[in-house]
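Okay, so here's the structure we're looking at.
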Amino acid sequence: MERTRKITLSVEETVVEQARAAAEREGVSLSAWVTRTMRREALIAESAAVVAAEPRMRELMDEHRAANRRALSRALDGTT
């Protein structure tokens, strides 16, 4: 198992409540849910940096990122 580190973040109350609800629906802890979400966003950012020189690839990454954010927003709103 990968080593963990405690960090302090300032997050809007509504976002925290939405994240807690999403984690509960998925049956995972808030920490696990936030870690997974942070990992996904970091991988997306890293991938985007790697392909930034290729215009069409950048378009595809932007479309993929937008789709992921829409899905995350729906999950946080409790809609499908």
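Report, in degrees rounded to the nearest 10, the 0 to 90 angle that the Cα long axis of helix 13-26 makes with the longest principal axis of the chain.
That works out to roughly 90 degrees.
Assuming R0 = 30 Å, can you tell me the calculated FRET efficiency for the pair T14 and E46, based on Cβ-Cβ distance, to the nearest 0.05?
Details: r = 28 Å, r/R0 = 0.95.
With R0 = 30 Å, the Cβ-Cβ based efficiency is 0.60.
Excluding the sites themselves, what is the longest stretch of the chain that contains no trypsin sites (Lys or Arg not before Pro) in a DSSP loop with at most 12 other C-beta atoms within 10 Å?
On the way: sites that count: R3, R5, K6.
Looking at the chain, 7-80 is the longest stretch - no exposed trypsin sites (Lys or Arg not before Pro) with at most 12 other Cβ atoms within 10 Å.
I'd like the orientation of helix 30-50 relative to the chain: the angle between its Cα long axis and the longest Cα principal axis, in ° from 0 to 90, rounded to 10.
Between helix and principal axis, roughly 10 degrees.
Compute the Cα gyration tensor for the chain, then decide on rounded, prolate or oblate, letting a ≥ b ≥ c be the square roots of its eigenvalues: rounded whenever a/c is under 1.5, prolate when a/b is larger than b/c in the other cases, and oblate in all that remain.
Numbers: a/c = 2.41, a/b = 1.50, b/c = 1.60.
Since a/c reaches 1.5 but b/c is at least a/b, the shape of the chain is classed as oblate.
At 0.36 nm per residue, minus the direct Cα-Cα distance, what do E24 and L76 gain on full extension? Give it in nm, one decimal, please. Display every interim value, and only then the final one.
Working: separation 52, 0.36 × 52 = 18.72 nm, distance 1.12 nm.
Once the chain is fully extended between E24 and L76, it gains 17.6 nm.
Read-outs: derived from the displayed coordinates by stated rules, not from any lab. Note that the structure is predicted; figures quoted are calculated from it, not measured. Quick reminder, even Gly has a Cβ in these numbers, built from the backbone with ideal geometry, and neighbours come from all protein chains shown.
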